[in-house]
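Let me begin by presenting the structure, written as structure tokens, before commenting on it.
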Amino acid sequence: MARVTAPVSDFTGKVAGTDFVDGVGQTDNPASLAYFFRQGYTVDVEAEDLTEKFATWSETKDFKGATKAQLVAFAEQHDPVIDLGEASTKAEILAVIEAALADNGGDGEPEE
């Protein structure tokens with residue numbers, strides 16, 4: 001998956017179907033990538049795929065070294081999605097993720 005860096009370094013939002021946090025997003029959509037190239041975004045097609053990191057984090061609950069953008073992406077891509085609510089700092093986001101995983105038996109699924 002390509003990493004896309006917005007021209008505005010602190011942009012958080014959606015452009016061309018791609019979610020950005022602090023100016024960084026990821027996509028493999030060819031149309032979106034073409035748009036980003038045309039509009040002057042920095043596109044790194046060799047970017048690290050976070051799939052393995054997410055799997056490790058889900059299993060170990062060890063988020064050391066994770067960036068704020070990676071934590072937000074983890075929450076958004078977790079199944080079920082982890083609602084970050086009003087959390088905006090890395091520490092707040094990490095606290096919400098850890099609480100959600102702990103409250104749901106560690107796997108994000110509600111306990112029965």
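Rule-based calculations on the coordinates, nothing more; no lab input. Here the structure is a predicted model, which is why all the values come from computation and not from measurement. Note: ideal-geometry Cβ built from the backbone for every residue, glycine included; neighbour counts use all protein chains shown.
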Relative contact order of region 51-103, pairs being alpha-carbon contacts under 8 Å that are 6 or more residues apart, as %: 30
Order of Thr18, Thr12, Thr42 - criterion: other Cβ atoms within 10 Å of each residue's Cβ, fewest first: Thr42, Thr12, Thr18
Per-residue HN-Hα couplings for region 80-85 [Karplus 6.51, -1.76, 1.60; θ = phi - 60°; Hz; x = Gly/Pro]: x, 4, 8, 6, 7, x
Estimated 222 nm signal from helices in the chain, with DSSP H stretches of n ≥ 4 weighted -39500 (n - 2.57), rounded to 500: -11500 deg cm²/dmol
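Starting from the Kirkwood radius over alpha-carbon pairs of region 2-44, derive D by Stokes-Einstein at 4 °C in a medium of 1.567 mPa s and give it in µm² s⁻¹.
Answer from the Stokes-Einstein relation: 133 µm²/s.
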Calculated FRET efficiency for the pair Lys53/Asn29, C-beta based, R₀ 30 Å, to 0.05: 0.90
Sequence ranges 86-95, 67-76, ranked by mean other-Cβ count within 10 angstrom, highest first: 67-76, 86-95
Calculated log₁₀ intensity ratio I(q)/I(0) where the Debye formula runs over C-alpha points of the chain, q = 0.17 Å⁻¹: -0.83
Amide proton proximity set for Phe20, modelled H, under 5 Å, gap of 5+: Gly13, Lys14, Val15
